[in-house]
Amino acid sequence: MGACAVALLLGLVPAALARADAVAPTNIPTIVTVASPDTTIGAGPLMDTVSVIGRVDPQPGATIDFALYGPDDATCAGPPLFQSVGVPYPVEGGPVSSASLWPPIVGTYRWRATYSGDANNLPVTAPCNDANENVVVGPAQAEPPAEPTPEPAAPRSALPLLSPFPIVRVVGRTTARGVKITLMTVRAGVGTSIVTRCAASAKGCPYRERRRRIAGPLGRVRTVRVPGLERAFRGGTVLRVFVVVAGRTGKFTSFGIRRGRAPIRIDHCLRGLVLSPVPCSTTSAAID
């Protein structure tokens with residue numbers, strides 16, 4: 001054999017060996033699909049999600065093709081109603097999703113997904129009517145009837161003011177720990193009830209609540225003392241005075257005791273015998 005023939009033969013050997021080593025992929029992975037849930041017209045779009053499991057040494061470049069068949073194609077034999085093709089499938093795997101479509105009509109829609117495969121894994125296409133791939137679309141839901149707008153509540157008629165309107169007066173001085181009240185009085189008509197309350201930490205109040213009624217001839221106005229609250233109080237104590245008569249707008253006053261400073265005074269009104277302060281009307285607020 002000549003030298004040229006030997007060189008030619010030696011040059012062809014590697015190519016022949018390369019062709020012999022090229023082996024077609026034989027691994028068949030599994031494609032797992034989950035479509036969007038059943039819906040109604042106008043309630044949401046249709047989508048499909050795919051995961052490919054069981055791949056061997058996956059290579060870059062694999063893709064997923066999604067095809068959606070309309071309600072008139074129960075076997076996926078005709079052309080798809082909608083397609084989302086060439087969706088890249090990552091080497092590391094994991095779910096990927098299709099583009100979405102808002103269904104135009106009611107019925108059952110069927111998704112099919114195809115994995116393109118790679119150098120080591122064969123292509124796979126999910127069958128028509130595969131589990132989790134059919135989506136039932138129902139008719140649009142009727143708008144719920146609008147709830148009637150409730151009629152605004154009729155304003156409660158204002159109760160007439162106590163006349164004369166009560167006056168709560170306090171005299172005292174500040175202390176390092178709070179205040180010392182030397183005089184507390186209430187000026188109101190005979191028959192008016194006075195409720196006093198004290199709220200503080202343990203042993204900070206002489207009592208929690210006391211009630212008394214201004215006695216005397218009806219039609220008279222008296223100034224009465226509240227001796228139980230004429231004493232020293234620590235900061236943080238709250239004193240409340242309620243002056244009430246049934247069917248009338250009464251008086252509420254509170255004193256928030258502070259250390260070394262004058263108490264915080266709050267004045268409000270009361271409706272009848274209800275001991276829940278409310279903002280006073282313009283007329284009531286002008287009478288202190």
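The table that follows gives values for the structure above.
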{"read-out": "Selection within the range 219-249 - surrounded by fewer than 16 Cβ atoms within 10 Å (Cβ to Cβ) and touching a residue at least 60 places away in the same chain (Cβ under 8 Å)", "value": "G247"}
{"read-out": "Complete set of residues in the range 268-278 that are farther than 11 Å from L162 by Cα and surrounded by fewer than 15 Cβ atoms within 10 Å (Cβ to Cβ)", "value": "L273, V274, S276, V278"}
{"read-out": "Sole exception among (1) closer than 19 Å to G138 by Cβ; (2) surrounded by 14 or more Cβ atoms within 10 Å (Cβ to Cβ) for I105, by number", "value": "(2)"}
{"read-out": "Test: residue in the range 211-234 that is under 43 Å from the mean Cα position of the chain (by Cα), at negative phi and part of a strand (DSSP E or B)", "value": "yes"}
{"read-out": "Yes/no for T249 being in contact with a helix residue (DSSP H, G or I) (Cβ under 9 Å, 6 or more places away or on another chain), hydroxyl-bearing (S, T, Y) and closer than 17 Å to F165 by Cα", "value": "yes"}
{"read-out": "Among residues of the range 167-209, those that are of a type outside the set (A, V, I, L, M, F, W, C) and within 45 Å of the chain's Cα centre (by Cα), counted", "value": "10"}
{"read-out": "Filtered residues of the range 235-249 (kept if assigned to a strand (DSSP E or B) and more than 14 Å from V168 (Cβ to Cβ))", "value": "V238, T249"}
{"read-out": "Which numbered condition F252 misses (of (1) without any contact (Cβ under 8 Å) to a residue 60 or more places away in the chain; (2) over 15 Å from I181 (Cβ atoms); (3) in a loop (DSSP other than H, G, I, E, B); (4) not acidic (D, E))", "value": "(3)"}
{"read-out": "Unique residue being modelled with pLDDT under 95, surrounded by 12 or more Cβ atoms within 10 Å (Cβ to Cβ) and over 44 Å from the mean Cα position of the chain (by Cα) when the list is G78, G117", "value": "G117"}
{"read-out": "The one condition in (1) assigned to a strand (DSSP E or B); (2) aromatic (F, W, Y); (3) over 19 Å from L159 (Cβ atoms) that Y207 fails to fulfil", "value": "(1)"}
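The values are calculated or read from the model by the stated rules, or taken from the named source; none is laboratory data. From a predicted model like this one, the values you see are computed outputs, not experimental measurements. With ideal geometry, Cβ positions are generated from the backbone for all residues, glycine too; neighbour counts draw on all protein chains shown.
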